[in-house]
Amino acid sequence: MLKGWRRRRTLSRHSIPDELWAATVATVPAFGRLTADQQRRLRDLALLFLHEKHFEPVQGMVLDDAKRLRIAALACLPILELGLDAYAAFHSVVVHPEEFLVRDRVYEDEDGVVHVGDDLLSGEAFEQGPVVLAWTEIEASGRGEGYNVVSHEMAHKLDMLSGETNGVPPLHADMRTPEWVAAFDAAYDDLCEQIERGATPWIDPYAVEDSAEFFAVSVELFFDTPAELRKEYPDVYAQLKRFFKQDPAAA
């Protein structure tokens with residue numbers, strides 16, 4: 001297959017410098033939990049991501065090799081066992097220096113009411129377009145604190161593969177949609193109940209925006225604070241473990 005041949009050629013002709021890779025791994029606890037073989041495969045995926053995706057710095061943003069690699073490595077962790085073709089639906093990563101303002105944004109709430117307003121965003125994924133990220137938020141991502149804007153937006157991209165952004169990505173043949181929905185709905189309802197009674201939830205309250213956002217936030221937690229997610233919402237963790245074919249809490 002031509003694509004496979006091109007990728008093998010890329011891996012044979014190019015490499016990520018050892019010192020640059022080591023510096024990237026050192027700043028992300030999730031990378032340190034990987035086995036030597038997993039790190040090797042993540043490194044290869046990141047290299048291919050760097051060659052196949054177009055990086056577009058905007059608003060004066062300057063992207064050096066270290067910044068590009070951080071983005072690529074964080075983006076490829078969720079697809080370590082799924083493969084780069086899981087990201088075939090987009091080709092560009094737009095990077096702002098900091099959170100960016102989207103004016104006159106039109107959105108519909110759960111009651112069907114249409115609103116128009118301005119949003120300050122740390123990231124955004126377009127169904128038929130690029131992934132947009134803020135560097136300040138990328139830099140803060142993956143620090144073991146449950147925040148990762150890169151995996152969040154990449155989760156949206158995976159979700160979109162089903163044709164609808166609803167928190168249910170295309171599942172593997174051995175997975176069952178009702179089981180997935182039951183696990184996520186129960187956790188979502190629990191989080192909503194916590195917020196309604198005035199409790200301080202351990203998950204970012206933004207997760208109750210809708211089912212798609214709850215899925216994306218759960219993916220952040222799965223890779224960044226896996227033990228906590230497994231403890232609080234074991235059924236959600238179990239579904240994500242099967243989907244991503246990874247078990248980060250076991251490391």
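Here are the numbers for the structure shown:
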{"read-out": "Residue 223, sole failed condition from (1) out of contact with any helix residue (DSSP H, G or I) (no Cβ under 8 Å at 6 or more places or on another chain); (2) modelled with pLDDT of 95 or more; (3) of a type in the set (A, V, I, L, M, F, W, C)", "value": "(1)"}
{"read-out": "Qualifying residue in segment 143-150 (condition: in contact with a strand residue (DSSP E or B) (Cβ under 7 Å, 6 or more places away or on another chain), closer than 30 Å to residue 61 by Cβ and surrounded by 15 or more Cβ atoms within 10 Å (Cβ to Cβ))", "value": "yes"}
{"read-out": "Set 221, 171, 240: member being assigned to a loop (DSSP other than H, G, I, E, B) and within 23 Å of residue 86 (Cβ to Cβ)", "value": "171"}
{"read-out": "Evaluation of residue 207 against (1) farther than 18 Å from residue 152 by Cβ; (2) crowded, with 17+ Cβ neighbours inside 10 Å; (3) small (Gly, Ala, Ser) (one fails), failing number", "value": "(1)"}
{"read-out": "Looking only at segment 109-129, and only at residues there that are at pLDDT 60 or above and among the acidic types (Asp, Glu), the one that is surrounded by the fewest Cβ atoms within 10 Å (Cβ to Cβ)", "value": "111"}
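Listed here are the residues, each with its yes/no results for (1) over 21 Å from residue 141 (Cα atoms); (2) touching a strand residue (DSSP E or B) at 6+ places or on another chain (Cβ under 8 Å); (3) buried (at least 17 other Cβ atoms within 10 Å of the Cβ).
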| residue | (1), (2), (3) |
| --- | --- |
| 1 | yes, no, no |
| 6 | yes, no, no |
| 10 | yes, no, no |
| 36 | yes, no, no |
| 40 | yes, no, no |
| 43 | no, no, yes |
| 49 | no, no, yes |
| 53 | no, yes, yes |
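The values are calculated or read from the model by the stated rules, or taken from the named source; none is laboratory data. Here the structure is a predicted model, which means the values were calculated and not measured. Ideal geometry is used to build each Cβ from the backbone, glycine not excepted, and the neighbour counts take in all protein chains shown.
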